Structure formats: C-alpha cells, structure tokens
Amino acid sequence: MKRILVTGGAGFIGSHLCERLLSEGHDLLCVDNFFTGQKSNIAHLAGNPYFEFLRHDITFPLYVEVDEIYNLACPASPIHYQYNPVQTVKTSVHGSINMLGLAKRTGAGILQASTSEVYGDPEVHPQVEDYWGNVNPIGPRACYDEGKRCAETLFISYYYQSRVRVKIVRIFNTYGPRMHPDDGRVVSNFIVQALLNNDLAIHGDGSQTRSFCYVDDLVEGLIRMMDTPKDFPGPVNLGNPVEVTILEMARKIIDLTGSSSKLTFKALPRDDPRRRKPDINLAGEKLNWSPKITLEDGLRKTISFFEKSLRLPTTRLNKRSGKPAFGKTG
Ligand code: NAD
Ligand code: UDP
Ligand code: UDP
C-alpha cells in the first residue's frame, strides 16, 4: 500500500484516478479547492477508510507525508481557466513549486498532468514529444498553455537539479462521465445540448480536429507512467490518435442520442488550434500503453452518465430508425 496524494482529485479526471488507486488498495489523500471540482464526484468514496479529503489550494504550501503525488490541480476548460487567468498561472507555477518542494522533501515520485496545449496551434502533425510547439504567449489561452509549459520547465529542473522522481505526461482531449455539464468543453456541451434537443453550437465551420481519449484509458496511462524507472521523466503523450472533426463529433453525438437537435455555427474563439492528434509511439514503447475504448463506446458511456445526471429517461429512440439509439442504459 502506497500513500498517494492526488491534487485536483475532486475534478473529472482526478475523481476517476482516486477511484482506481483506491481499488488497488492504496491510501489516498485527495486535495482540491473546488474551483471546478465537485463534492458529488467523490461523495461515493467518502466512506472508504483509506480515502481522505482536504480542501486546500495548492498555490499555498502543503506539508504531508506521501510516497507518490499526481498533480492534476488546474482548471482545464477554456471558460474556466480564462475566468481568473492569474490564478490559473499561479496554480500551474506556484502550485507546481509547492508540490515539487513536497516531493523533494519526502522523496515521493510526482506526476504532472501537462497538456497537448503545450503544442499550441501545431505546425507538426501528429504531435511528437520533441516538437516545441506554437503558442501565443499573450493570447486568451496563454494563462493555461504557458502556465503548463512553465510547469514542465519546473518539473524537469527539479529532476536535473534535485533528482526528484518526476513524470510528465501531455494529456490530449479526454472525456467521460463526471465532466461538468456546464464545463464548456465540446463533448459535454454537445451531449447536454443533444439530450435536451437544443441546437449544437459549433465554433467556426467545425473543420478543426481533435482526438478524444476515454477517461479510463487515460487513467491507465497515468498509473503506468508513474511506475516507469526513475531515469525516465518524460514527457510522454497520452491520448487517442483517432482524429475527428468537430462537425463529425456533433453528428455522431446527435446520432447516438437519437436527438432532433440541429447544428448552429458560432464564431471560432481566438487562437483555437486547427488540429490535434497525438503520436503515441513513445507511450507504446515505454509504458506498453495504447487506448482500448473506441470513441463510440466511450460516448455511449458518457451519454448514459449525462442522461442520469440530467434525470432523463434512459431509453431513447433513434429519430431515423425509430429503434433505441443504444439500448437501455439505466
Ligand atoms: P477539472 O477542472 O475537472 O479538474 C481540475 C481540478 O483541480 C478541479 O477539481 C479543481 O477544483 C481543482 N483545482 C483547480 N485549481 C486548484 C488549486 N489551485 N488547488 C487545488 N485544486 C485546484 O479538469 P480535468 O479535466 O479533470 O483536468 C485535470 C488535469 O488534467 C488538469 O491539470 C488539466 O490541465 C489536465 N488535462 C486535462 C485534459 C482534459 O481533456 N480533460 C487535457 C489535458 C490536460
Ligand atoms: N513546500 C511544501 N511542502 C513541503 C516542502 C516544501 O509545500 O513539504 C513548498 C515550500 O513552500 C517551498 C516550495 O515547496 O517554497 C519549494 O520547496 P524547495 O525545497 O524546492 O525550495 P525552497 O524551500 O528552498 O524555496
Ligand atoms: N467547441 C465547439 N462547441 C462547443 C465547445 C467547443 O465547437 O460548444 C470547439 C472548440 O472551439 C474547439 C473544440 O471544439 O475547436 C474543442 O474544444 P474544447 O474546449 O473541448 O477543447 P480544446 O479546445 O481545449 O481542445
């Protein structure tokens, strides 16, 4: 049994990671300030004697004794990270310094949830780890992108300077149950809009691409990365290389939900990356990892979650075939 700290543990990915680590018999300390996380994400873990929650903002020092740290604390959705850009930078920079100081003092391994946003609007496709990226340092996404880039710099500096056992993963768009319905990210937005039969709002013409990874696959990759030898700090891309346009994603979600929603088109936000797809050869080689869950299966599970959380009936009919869109899910 290891004593494991998960920062951002009440968030979307963090809550799945806590669940998985607890199921493996570890002693969990979940730290979160509830900026975007929710109590309901971890309520089901509260009765477990090996689960402990601490409301704390990682931009302030934290003194605890642990063996491993997964540093996930940071708002991830553009509307949330742009709400208070200075706090977003502080979370990535001051927060990382504090967590790295904690790792240095305790000798703990520490994994940083970095992001495909470090590649910005990429000129290299698919994105490989040794591509340095194309980021606007003063644009609306900079507080997140540059914050995460500086966090990577801090992690690699603590690795070389203080021999801290650091692990950097660059996470590509991840989706699944427990995404916040008002989170603003494309998968949750489209599913909620489709289930309510509201129009799906596409930014731009929808020809921009993303590659979507189901959360269980991602969590597996995070744990495998933590278990790699000390002399391998990364960075490693974790994501599903199946690339889709946002328009294709909208149509797929309408189909799977059997919704009567139509598509509408809005202005593309500034600096919105044109395309994104991970090269995951390094993850294959070093972690023996690749995603297993198809986009359709992952979307079905996510739709089922939103149906329950929006309290909608669980059997829906496909509007064209008249048959259940994906069977009874409840
Ligand atoms: P999320 O917003 O659901 O979770 C982030 C959690 O961090 C929330 O619970 C929030 O309350 C907490 N938090 C924010 N600032 C904090 C602070 N200063 N102190 C303590 N807690 C704080 O987002 P998520 O999708 O679960 O993302 C988790 C991590 O993975 C983030 O670091 C994000 O940058 C990274 N990531 C996510 C994706 C994705 O597609 N979901 C992609 C790339 C990287
Ligand atoms: N820190 C922390 N918990 C610890 C150890 C350190 O939060 O258990 C913080 C502390 O606030 C410090 C930061 O981590 O400012 C960086 O620590 P480090 O030892 O690298 O640097 P220093 O203390 O010399 O500034
Ligand atoms: N997007 C969209 N409609 C929405 C939300 C997002 O068309 O309701 C677009 C967004 O502009 C981007 C893509 O979908 O091109 C993915 O957006 P998200 O915020 O999920 O992730 P990120 O841009 O950070 O990859």
When you check Gly234 against the structure, is it more than 10 Å from ligand 1 (Cβ to nearest atom), touching a residue at least 60 places away in the same chain (Cβ under 8 Å) and closer than 18 Å to Gln112 by Cβ, yes or no?
yes
Take the conditions modelled with pLDDT under 95 and either of a type in the set (A, V, I, L, M, F, W, C) or crowded, with 20+ Cβ neighbours inside 10 Å (or both) and apply them to Ser114. Does it pass?
no
Mind checking which residues of the stretch 9-31 are under 15 Å from the mean Cα position of the chain (by Cα) and open to solvent by 10 Å² or more (accessible area, probe 1.4 Å)?
Gly11, Phe12, Ile13, His16
Yes or no: the stretch 204-216 includes at least one residue that is over 26 Å from His125 (Cβ atoms), open to solvent by less than 50 Å² (accessible area, probe 1.4 Å) and in contact (Cβ under 8 Å) with a residue 24 or more places away in the chain.
no
Could you please find all residues in the stretch 40-51 being closer than 13 Å to Cys18 by Cβ and either within 16 Å of ligand 3 (Cβ to nearest atom) or surrounded by fewer than 13 Cβ atoms within 10 Å (Cβ to Cβ) (or both)?
Ala43, His44, Ala46
By residue number, the members of the stretch 56-115 that are on the phi > 0 side of the Ramachandran plot and away from ligand 2 (no atom under 16 Å from the Cβ) are Cys74
Residue among Lys292, Lys277 that alone is over 26 Å from Asp121 (Cβ atoms) and in contact with a strand residue (DSSP E or B) (Cβ under 9 Å, 6 or more places away or on another chain):
Lys292
Counting only helices (runs of 4 or more DSSP H) wholly inside the stretch 205-295, the ones holding at least 3 residues that are in contact with a Gly (Cβ under 6 Å, 6 or more places away or on another chain) are none
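The values are calculated or read from the model by the stated rules, or taken from the named source; none is laboratory data. The structure presented is a predicted model; accordingly, all values stated were derived computationally and were not measured. Reconstructed Cβ throughout: ideal geometry from the backbone, glycine too, with neighbour counts over all protein chains shown. Protein only, heavy atoms only, side chains kept; ligands, DNA and RNA dropped before computing areas. Shrake-Rupley method; radii C 1.70, N 1.55, O 1.52, S 1.80 Å.
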